[in-house]
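In what follows, a single structure is set out as structure tokens and then discussed.
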Amino acid sequence: METCDVLIVGGGPAGSACAWGLRNSGLDVAILDKQKFPRDKICGGWITPAVFSELAIDASEYARGRLLQPITGFRTGSIGGSSIDTDYQATVSYGIRRREFDEYLLRRSGARVIEGVALASLQRENGSWIVNGQMKARLVVGAGGHFCPVAKLTGARRAREDAVVAQEAEFEMDERQRAGCRIRAEVPELYFCADIKGYGWCFRKQNFLNIGLGRMDQHRLSEHVAAFVRFLQAAGRITFDIPAALLGHAYLLYGVSERKPVDDGMLLIGDATGLAYKQSGEGIRPAIESGLLAAQAVVAAEGNYSREALHRYEMLLRKRFGTSGKDWASRAGQHMPSAWIGAIGRTLLGTRWFVRDVVLDRWFLHSSEPALE
Ligand SMILES: Cc1cc2nc3c(=O)[nH]c(=O)nc-3n(C[C@H](O)[C@H](O)[C@H](O)COP(=O)(O)OP(=O)(O)OC[C@H]3O[C@@H](n4cnc5c(N)ncnc54)[C@H](O)[C@@H]3O)c2cc1C
């Protein structure tokens, strides 16, 4: 039977970051993914520069042969309302394509990669895990995203969870579409829903366009997405219909997720445990940070993978992301009618200082939170 010390289930940003964090640990690390890379992932593909520093990636080296779109500002507003341009005159974010980014992280992770094989069964035997009846691992790290099969074993009950639901399409524009696209590549556009329960985005990444919308409310998502696309057309931001299917996915925000990140011989990282930032829904940076923190905890456990020894990972998560808690709109929602919250939100979105200092600097760019050492 094949063996390894640590089996990471899922080769997305969380799994690859965890393997990369373990590359000098002396542990035999393998990543199992049900898909063959490069593979597509439903995502806007917006990342903050901290992601590159945390993984010691040289942006210019990454850009060789891959799409890397510098972002220097944002246009923000509410759907159907007016908008504000914020210019940073410096690169504050990047646009990437997930099929390129995830493959790059996976290949440099240093782990043995088993692709095109889904996790189908996990059995506990004498303190080890038997994976698919064929492989033995001392520790299993669940990095399989929102639908991670390892998360199910630690008690995740998806039917009862309050997930963000989102739909998006990414496509390469032809000549006619490029001529009919007013979105500037270095200035992505973000438009909040009238009830402030979500927002739509329009990211141009060189000749690729990514349009999508995510909400904290699962009802009538497709109607919200269709209304957003109509708004972009009416406002002259795009003059064509979306030529690709809008695909949907779900994930959990930190503070809302109740998934347990640690169990005997098991850790959950990234979307598998639900870590995306509450206001922006950015999930790549928290996924990568959780992978690196998990690696730290695994090394510190010195081969003792009991729940107690791995508890350190839970403490590191709490130290990094804070204790759970609702965002301002949910807290306000307990005391105020939702129409008031929408009206207050839309007024604030028309205020330059609020957009720059709160929405962009604090909620989207996390500019006061330095990259993980
Ligand atoms: C529409 C949408 C837009 C988004 N836009 C952004 C954005 O612009 N910026 C941002 O930061 N975040 C964004 N997010 C969130 C972000 O995509 C996720 O938080 C991030 O991908 C989490 O990374 P991960 O490694 O935990 O999981 P994933 O990236 O989901 O990777 C999980 C991996 O596990 C594999 N897997 C699953 N099941 C199995 C199995 N049974 N066996 C083996 N392998 C398995 C999958 O094939 C996959 O490769 C967006 C999310 C959505 C839905």
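The values are calculated or read from the model by the stated rules, or taken from the named source; none is laboratory data. None of the values given here were measured: they were computed from a predicted structure. Using ideal geometry, Cβ is built from the backbone for each residue, glycine included, and neighbour counts are taken over all protein chains shown.
Could you identify the single residue in 117, 141, 131 that is hydrophobic (A, V, I, L, M, F, W, C), buried (at least 18 other Cβ atoms within 10 Å of the Cβ) and over 22 Å from the mean Cα position of the chain (by Cα)?
Result: 131 is the single residue among 117, 141, 131 that is hydrophobic (A, V, I, L, M, F, W, C), buried (at least 18 other Cβ atoms within 10 Å of the Cβ) and over 22 Å from the mean Cα position of the chain (by Cα).
How many of the residues in region 29-65 are of a type in the set (Gly, Ala, Ser), more than 12 Å from the ligand (Cβ to nearest atom) and within 19 Å of residue 283 (Cβ to Cβ)?
Looking only at that region, the number is 1.
Among residues belonging to region 354-373 that are part of a helix (DSSP H, G or I) and charged (D, E, K, R), point out the one that is surrounded by the fewest Cβ atoms within 10 Å (Cβ to Cβ).
That would be 357.
Please list, ordered by first then second residue, the pairs with beta carbon atoms under 9 Å, 6 or more apart or interchain, first in region 109-130 and touching a residue at least 60 places away in the same chain (Cβ under 8 Å) and at negative phi, second within 10 Å of the ligand (Cβ to nearest atom) and acidic (Asp, Glu).
Partner pairs satisfying both residue conditions: 113/33; 114/33; 115/33; 117/33; 118/33.
Starting from residues that are at pLDDT 95 or above and crowded, with 17+ Cβ neighbours inside 10 Å, keep the ones in region 313-328 and report whichever is farthest from residue 273 (Cα to Cα).
Among those that are at pLDDT 95 or above and crowded, with 17+ Cβ neighbours inside 10 Å, it is 316.
With the requirement that a residue be over 17 Å from the mean Cα position of the chain (by Cα) and in contact (Cβ under 8 Å) with a residue 40 or more places away in the chain, what does region 10-25 give you?
If the condition is that a residue be over 17 Å from the mean Cα position of the chain (by Cα) and in contact (Cβ under 8 Å) with a residue 40 or more places away in the chain, then 19, 20, 21, 22, 23, 25 are the ones that fit.
Among the helices (runs of 4 or more DSSP H) lying completely within region 1-88, list those that include at least 3 residues that are crowded, with 21+ Cβ neighbours inside 10 Å.
It comes to 13-21.
Identify, from the list 87, 28, 58, the residue that is without any contact (Cβ under 8 Å) to a residue 12 or more places away in the chain and of a type in the set (D, E, K, R).
58
Pairs only if they're at least six apart or on different chains, beta carbon under 8 angstrom, first in region 359-373 and charged (D, E, K, R), second assigned to a helix (DSSP H, G or I); list them, first residue then second.
If the second residue must be assigned to a helix (DSSP H, G or I), the pairs left are 369/50.
Tell me the residue from 145, 110 that is outside any strand (DSSP E or B), away from the ligand (no atom under 14 Å from the Cβ) and modelled with pLDDT of 95 or more, please.
On inspection, the qualifying residue turns out to be 110.
What number goes with the only condition from (1) surrounded by 21 or more Cβ atoms within 10 Å (Cβ to Cβ); (2) not in a loop (DSSP other than H, G, I, E, B) that residue 156 does not pass?
Failed condition: (2).
Within region 284-320, can you find the residues that are hydroxyl-bearing (Ser, Thr, Tyr) and within 16 Å of the ligand (Cβ to nearest atom)?
Listed by number, the residues that qualify are 290, 313.
Quick grid of which residues meet (1) in a loop (DSSP other than H, G, I, E, B); (2) loosely packed, with under 15 Cβ neighbours inside 10 Å; (3) at pLDDT 95 or above:
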position	(1), (2), (3)
169	no, no, yes
187	yes, no, yes
194	yes, no, no
212	no, no, yes
224	no, no, yes
236	yes, yes, yes
241	yes, yes, yes
250	no, no, no
267	no, no, yes
